[in-house]
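Next up is a structure, given as structure tokens.
The values are calculated or read from the model by the stated rules, or taken from the named source; none is laboratory data. Keep in mind it's a predicted model, so treat the numbers as computed, not measured. Positions of Cβ are backbone-derived with ideal geometry, glycine not excepted, and every protein chain shown enters the neighbour counts. With ligands, DNA and RNA removed, areas are computed over all heavy atoms of the protein, side chains included. Shrake-Rupley method; radii C 1.70, N 1.55, O 1.52, S 1.80 Å.
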Amino acid sequence: MTTLINQNPVIYEASAGNSTREWREDDENEDAVDVIDAQEIFDLIRSISDPEHPLSLEQLNVTQRDHITVSDEDDTILVEFTPTIPHCSMATLIGLCIRVRLLRCLPSRFKVDIAVRKGTHQSEHAVNKQLNDKERVAAALENSHLLEVVNQCLATAT
Amino acid sequence: MLWRQDQGGHKRTIRSVAWSPDGRQLATGSFDATTGIWERDEDESGDYECVATLEGHENETKSIAWSKSGALLATCSRDKSVWIWEVEEDNDFECLSVLQEHTQDVKMVAWHPNEELLASASYDDTIKIWRDDDDDWYCSDTLVGHESTVWAIDFSPSGDELVSASADETLKIWKRFVPGNALGIVTQRRGEPIWKCVATVVGKHERCIYSVSWSKVNGLIASSGADNTIRLFEVKDATAPVGTEGRLTAEQQKALNEPGVLFEADKVADVRKAHGTSDINSVAWYPNADHGDWLASGGDDGSVRIWRLED
């Protein structure tokens, strides 16, 4: 049996249902402009599965709503995530899953930056550089094996 | 029909294309690690036919470039190497050299406009200059200064300067100084010119810059990137009024080791949202004076646009 990188991850309680959004007055007003915010992005990525454990990124506290910055006006999104351990070799794969999820769900006008949260990974710079090189991402997604792994992680995303 | 596999087409994304100087052949670099050489079938259909496939790179071929004379072809890849091929008769291409000094993916190669001198740009944040000594190719200089991936490079019309575009959101202009140059800039190795950064264009692009083209006709630099904008710059040498007797002042000498200040790059025009909200991956000036004011751009929206510069 292969050894897991992080054998005993801390598990956090995940919010129930499809969205953790609180009800707002505007929600029933069909004329209101529904801007994309951090909550919406969080809802898109929190149920992605960890590549190693049968747990979601939210349950492992890899993604948190407060670590997502969105400017709907400027079309920019920054998602910072926290690997469960600083030498996690899955960090790039997790980031790739987040990127692909957002690529598939969001309008193409958004410029998305994905980054390991500062100080949470020993190869922070290298991981971030790779995740934000769109050519490397494109080439990775032409790799059918890798794409299959990504799709498996995304299968649980709701 | 470059994607027709039965005719030798590529199996994965085509990353770049380049016409041979005589316009007779087209080279294609693909993520399938090969380079295709295509020729138009003059007799019948007029389709392009694959006349050679250059193999050797371990993975994605990123960029290809023909030398001015058409006698040499350079290719580069994610495998960190730059290959130099000699174009022989009967569509035969012989590999002259495999250059492996970059430590990461090589994003682009560009030939000097007149000399057999090659520049390469890399994910390792550097640019390397390659020269040959009796068919023996070697790295003659490494240009350090960018803080992230160098995506694109292009030479000035004379070839004495080089512009580079980077993910660090800056453009840099590098100038070649030969031994015994009038400015008194010290060169390192005997007989070997040295390239120094003489200008850094900061704050003109807001995200990664993917492409840069230095017009060989009007001397303007065009750049584009992930901020959806095409920008044009006019470059001028700022050394003349300050130095004395053609040499640099002590301050200027010192400044040469800092981000460059010897050249000024003034923005002359920009086109925001040139491809809507899409990244603009590539810009290229028309290569000669027939349409010297034409600029082509390609974006993630899948379209190519041709722009004309108006006074």
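Using a 1.4 Å probe over the heavy atoms of the protein chains, calculate the carbon and sulfur portion of the accessible area of chain B as a whole percent.
Its accessible area is 44 percent carbon and sulfur atoms.
Pop out the ³J(HN,Hα) list for segment B:77-85 in order, Karplus 6.51 cos²θ - 1.76 cosθ + 1.60 with θ = phi - 60°, rounded to Hz; leave Gly and Pro as x.
8, 5, 6, 6, 10, 10, 10, 10, 10
Let me ask something else. Among B:117, A:64, B:213, pick out the residue whose Cα is farthest towards the positive end of the charge dipole of the protein assembly as shown, where Lys and Arg carry +1 and Asp and Glu carry -1 on C-beta, about the Cα centre.
A:64
Would you please give the residues with an amide H less than 5 Å from that of residue B:25, counting only those at least 5 places away or on a separate chain, with H modeled from the backbone geometry?
Amide H to amide H, under 5 Å and 5 or more residues apart or across chains, residue B:25 pairs with B:20.
Please list, short to long, the whole-number percent of alpha-carbon pairs of segment B:70-206 in consecutive 10 angstrom bins beginning at zero.
It works out to 12, 41, 35, 11, 1, in whole percents.
For peptide A:125-134, compute the average count of partner chain beta-carbon atoms within 10 Å of each residue's beta-carbon.
Working: counts 1, 1, 0, 0, 6, 1, 0, 6, 8, 6.
Other-chain Cβ atoms within 10 Å of each residue's Cβ, averaged: 3.
Another one. For n ≥ 4 DSSP H runs only, could you compute -39500 (n - 2.57) per run for the protein assembly as shown, divide by its residues and tell me the 222 nm figure to the nearest 500?
On the way: 6 runs with 56 residues, N = 469.
Mean residue ellipticity at 222 nm (helix-derived): -3500 deg cm²/dmol.
If you place +1 on the Cβ of every Lys and Arg and -1 on the Cβ of every Asp and Glu, how big does the dipole about the Cα centre of segment B:30-79 come out, in debye to the nearest 20?
Details: 4 positive and 12 negative charges, 102 e Å.
The calculation lands at about 480 debye.
Would you work out the Kirkwood radius for the protein assembly as shown? I mean one over the mean of 1/r across all pairs of different Cα atoms, in Å.
After inverting the pairwise mean of 1/r, the radius is 24.5 Å.
While we're looking at this one, here's another question. Counting only other residues whose beta carbon sits under 15 Å from that of residue B:265, what net charge do I get with K and R as +1, D and E as -1? Don't skip to the end; give the middle numbers.
On the way: positive: B:172, B:175, B:204, B:231, B:236, B:267; negative: B:154, B:161, B:169, B:234, B:237, B:264, B:266, B:270.
Computed value for this residue: -2.
Over all directions, the average projected area of the alpha-carbon convex hull for chain B comes to how many nm²?
Dividing the Cα hull surface by four gives the mean projection, 16.9 nm².
Return a whole-number percent for the relative contact order of chain A, with Cα pairs under 8 Å and 6 or more residues apart as the contact set.
Over chain A, the number comes to 24 percent.
To the nearest 20 debye, what is the magnitude of the charge dipole of segment B:91-173 about its Cα centre, counting +1 on the Cβ of each Lys and Arg and -1 on the Cβ of each Asp and Glu?
360
So, one more: Could you order A:5, A:36 so the one with the most accessible surface comes first? Probe is 1.4 Å.
Largest to smallest exposure gives the sequence A:5, A:36.
Can you give me the three principal axis dimensions of chain A from its C-alpha atoms, in Å, biggest first?
So the extents along the principal axes, rounded to whole Å, are 54, 35, 31.
Using a simple charge model, +1 on the beta-carbon of Lys and Arg, -1 on the beta-carbon of Asp and Glu, nothing else, what dipole does the protein assembly as shown show about its Cα centre, in debye to the nearest 20?
1200
Ok, one more. What accessible area per residue, rounded to a whole number of Å², is obtained for chain B using a probe radius of 1.4 Å?
47
What list of ³J(HN,Hα) values in whole Hz, one per residue of segment B:61-66 in order, does the Karplus curve 6.51 cos²θ - 1.76 cosθ + 1.60 (θ = phi - 60°) give from phi, with Gly and Pro shown as x?
Once rounded to whole Hz, the list reads 7, 9, 8, 9, 8, 8.
Please work out the Cα convex hull volume for segment B:1-129 and give it in Å³ per residue.
Values: hull volume 12.1 nm³, N = 129.
Spread over its residues, the Cα hull of segment B:1-129 gives 94 Å³ apiece.
Here is a follow-up. I'd like the mean, over residues of A:137-147, of how many other protein chain beta carbons sit within 10 Å of each residue's own Cβ.
Per residue, the number of nearby Cβ atoms from other chains is 2 on average.
From other protein chains only, count the Cβ atoms within 10 Å of every residue's Cβ in B:129-137, then give the mean.
Other-chain Cβ atoms within 10 Å of each residue's Cβ, averaged: 0.
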